[in-house]
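To start, the structure under review is shown below, and the notes come after it.
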Amino acid sequence: MLLTTFSRAVILSVLLLAGQTSWSASVLVAVAANFSKPMTEIAAEFEKATGHTAKLSFGSTGKFVSQLEHGGPFEVLLSADGKAPQRLVESGLAVGNSQFTFAIGRLVLWSAKPGYVDDQGKILATGGFKHIALADPKLAPYGVAAVEVLKKQGLFEKLQPLFVQGENIAQTFQFVSTGNAPLGFIALSQVIENGKIAKGSSWIIPRDEYSPIRQDAVLMKKGAENPAAPALLDYLKSAPALAIIEKYGYDLPKK
Amino acid sequence: MLTSADLDTLLLTFKVASISTALMMVFGTPLAWWLARTDSAWKGIINAVVALPLVLPPTVLGFYLLVMMGPVGVIGEFTTWLGLGTLPFTFAGLVVASVLYSIPFVVQPLQAAFTTIGKLPLEAAATLRASPLDTFFSVVVPLAKPGFLTAIILGFTHTVGEFGVVLMVGGNIPDKTRVVSVQIYNHVEAMEYSEAHWLAGVLLVFSFVVLLVLYTVLKTQPVTHQLK
């Protein structure tokens, strides 16, 4: 009968809807500031592909770690380094074998002024600037890499008095983009648009000048029962995600 | 324990706070006096502008100071024209930012104190042929003493506690812009919790002792009484 067909359809759609809600979950992700742009794109693709949602919080890795150690709600951490995830694994807050490198950061010497930084970074030796910005090496891996570059060139002692330090790479970018520091070491991901550096002038520092800036992800124990959390970590290794990561100027981890 | 770098940040903080408080008293006193006495249409506007730093989030204020004091900003172009260069990342820049950030804490208690005095004591002084300057120092200052003390305490302590503005315009330079609040924050960010606890503890004890001395020995009225 018509009525029974109709009621069957109703029951079926109710079941489907109920099924949908129990299968699509939401995951809370702490994302290191330098990875905010690519992760926003990846999260959108992840939602389309899996039906799960990823809620993103951006900030500095150090702050996320102290929050996680005091009951912070994040289920996944996308760190700016490898140290923070390791620390969380060691303290038993993160799942032991879940840590992996999702991207390798690239360092760039950048100025908001066109034609100011030459493509070999000779300006570092020439000088003529009052300030040079970098992320605090105590806090940010991009700062550690910048110090390594300067030491290798034998310019660290000479330039140290001119340092202005951001507490993270986003703040370092502000110092340079507002022109207060004429140049500075920032993440390539911050200035790249469609595979090119659109504004200012820059020296993309060769990979052999500093140790790789490995950025690791880790699953928190809090998120282990949530299907969306491991799904997101898997998705980070998928081809569409890797394409986005590469587009933003990161190197991909070797398989 | 405290390292010498930690001690440097404490010293620098008190240097910034002392100089800023002195400047705020110099500029804030005539401003508060004018605000307390005037019937000008500008009074409401100036009052609102002075109170703005109370509302704006410090990092927002700091970011726009960074933009305005930078080489392409209005203030930056002016200071460059004066031959001073730009202000961010310098001690002077930190003082300027602190003054702008803490000025309501100096102007408002002074303005309240001056308003409370009213016209009568001033008129009495005038009938005794006291000059306006003499009136100010012999009549107004003694009567408004609690207001002055409150302004100094609030201006100083608020500058010691400032963080967001310094973070934005400071650049974390040792002995120039690395103040104690930034140093504690950096210790926490670097997961050096015991260093953070030590420095925060010293700051806490010091601040408590200063306030205790002011409120018990000097018998200053607590701040809340003044603001009512």
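The values are calculated or read from the model by the stated rules, or taken from the named source; none is laboratory data. Since the structure is predicted, the reported quantities are computational estimates derived from the model, not experimental observations. Every residue, glycine among them, receives a Cβ derived from its backbone with ideal geometry; neighbour counts consider all protein chains shown. For the accessible areas, the whole protein counts, side chains as well, though only heavy atoms, and no ligand, DNA or RNA atoms are used. Shrake-Rupley method; radii C 1.70, N 1.55, O 1.52, S 1.80 Å.
Assorted remarks:
- Inter-chain shielding of B:168-180 (mean C-beta neighbours from other protein chains, 10 Å cut-off): 3
- Helix B:58-69 axis, angle to chain B major axis (alpha carbon atoms, nearest 10°): 90
- Here the 3J(HN,Hα) profile of the stretch A:155-170, calculated from phi with Karplus coefficients 6.51, -1.76 and 1.60 at θ = phi - 60°, is 10, 4, 4, 5, 8, 3, x, 9, 5, 10, 10, x, 6, 8, 6, 5 Hz, Gly and Pro shown as x.
- Förster radius 56 Å - calculated FRET efficiency between B:M1 and B:V74, Cβ distance, rounded to 0.05: 0.80
- Using the Cβ-Cβ distance between A:H70 and A:K196 with R0 set to 56 Å, the FRET efficiency from 1/(1 + (r/R0)^6) comes to roughly 0.85.
- In this structure, the residue pairs whose Cα-Cα separation is over 26 Å, taken from B:K119/B:K145; A:K138/A:K158; A:K151/A:K247; A:K55/A:K83; A:K63/A:K254; A:K122/B:K176, are A:K151/A:K247; A:K63/A:K254; A:K122/B:K176.
- Of all DSSP beta bridges in chain A, antiparallel share, percent nearest 5: 55
- Near A:A54, the amide H atoms lying under 5 Å from its own belong to A:V27; only residues 5 or more places off or on other chains count, and H is placed 1.01 Å from N.
- Chain A: angle of helix A:2-23 to the longest principal axis, Cα-based, in degrees nearest 10: 30
- Applying the Karplus relation 6.51 cos²θ - 1.76 cosθ + 1.60 with θ = phi - 60° to the stretch B:122-127 yields 3J(HN,Hα) values of 5, 5, 4, 5, 5, 5 Hz, where x marks Gly and Pro.
- Equivalent ellipsoid dimensions for the protein assembly as shown as semi-axes, Å, which come from the Cα gyration tensor, largest first: 50, 31, 22
- Dipole of chain A, positive direction: furthest Cα of A:L155, A:G92, A:P253, with charges on the beta-carbon: A:L155
- Only beta bridges with both residues in the protein assembly as shown are counted; by DSSP, about 55 percent of them are antiparallel.
- A:L155/B:L120 FRET efficiency (R0 56 Å; Cβ-Cβ; nearest 0.05): 0.20
- Per-residue SASA entry for B:T86, accessible area with 1.4 Å probe, Å² rounded to 10: 30
- Put simply, the Cα atoms of chain A extend 88, 40, 33 Å along their principal axes, the longest span coming first.
- Each Lys and Arg Cβ is given +1 and each Asp and Glu Cβ -1; about its Cα centre, chain A then shows a dipole of about 180 debye.
- Considering only the stretch A:107-204, percent of DSSP beta bridges that pair antiparallel, nearest 5: 60
- Annotation: amide H-H contacts under 5 Å for A:R106 (H modelled 1.01 Å from N, sequence separation of 5 or more, or interchain): A:L188, A:S189, A:D251.
- Principal axis dimensions, the stretch A:131-236 - Cα atoms, whole angstrom, descending: 52, 29, 26
- Available extension along the chain between B:M25 and B:L212 is 65.1 nm, counting 0.36 nm per residue and deducting the alpha carbon span.
- Modelled label positions at B:R37 and A:K37, each set 7 Å beyond Cα in the direction of Cβ, lie 5.7 nm from each other.
- Computed 3J(HN,Hα) for the stretch A:73-83, one whole-Hz value per residue from the Karplus formula 6.51 cos²θ - 1.76 cosθ + 1.60 where θ = phi - 60°, is x, 5, 9, 9, 10, 9, 8, 7, 8, x, 6, glycine and proline marked x.
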